[in-house]
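Every number here is computed from the coordinates shown, using simple stated rules; none is lab data. Note that the coordinates shown come from a computational prediction; the quantities given were computed from them, not determined experimentally. Note that we place each Cβ from the backbone using ideal geometry, even for glycine, and neighbour counts take in every protein chain shown.
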Amino acid sequence: MFSRRTPRSRGQKFREALWPTMGMKRLGLYYKHRMGRLPGTPEFIAKGLALGVSISFTPLIGFHMLLGAGLSWCLRGSILAMLFGSVLGGNIWTLPLIWLGTYKLGNLILGSHHHGMHVMNEAIKGDSFTMHTLMEKPMQLLLPMSVGCIPMVIISFSVTYWLTLNIVRKYKAARLERIRARHHPHLDDTAA
C-alpha cells in the first residue's frame, strides 16, 4: 500500500544509506521531529539518546545495542532513543574515527606506545591485518581502546544529554502550544 512504485535497487539503497537524497539538513530535521514525538519526558528521551551515542565509543562492537538497552532500562532512559543514538554514534562514517581516537587516547593515557600501534597501522593501511591478528593479540588493541573510551564516553554522554534535553524541551513546549492554540483559539483572543 505504501511501497514505492518502482522498487530501488541494492545500489540505490546502499547509496541512500551513505548519503540520503533528501539531504542531511532535511534528514536532521526529520529526526528532530521523530525525537520530539517520542513518548516520555525530555529527560527520559535525552538519557536514552545520550546512552546510545556514548555506548558507541566502547570497543564492544556487536554488543552496543544490547549493552545500551540494558543501561537504558537500568537508568530509566528511552530504549527507542538509545537505539537511534547507537546508530547515530556508531555508523559507517564515525566508527573508524572512534576506533582510532580511542586507541590513540588510550595510548596517551597509558603513557606508552603498545605493540598494538603496529597492528593498528596495519589495520589502517589494510596490509596484513586480519581477524587472526586481532585474535592472537587482542589486548594490544583492546586495552588502549578500553582505557581511551572512558573520557570519550563521559564527554559524549554529557554533551548529547544536554543538547538533546534542550532541543526536546523546546520542541515539546512548542508542540503543546500549537495543540493548545488549535483546540482553544479563544484563549489567545482574550489574552491579547
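Could you order the peptides 56-63, 82-89, 7-14, 141-148 from most to least packed, using the average number of other C-beta atoms within 10 Å per residue?
82-89, 141-148, 56-63, 7-14
Within 12 Å, Cβ to Cβ, of G77, how many net charges do the neighbouring residues add up to if Lys/Arg are +1 and Asp/Glu are -1?
Net charge in that neighbourhood comes out at +1.
Would you mind classifying the range 38-100 by shape? Square roots of the alpha carbon gyration tensor eigenvalues, ordered a ≥ b ≥ c; an a/c under 1.5 is rounded, otherwise it is prolate if a/b is larger than b/c and oblate if not.
prolate
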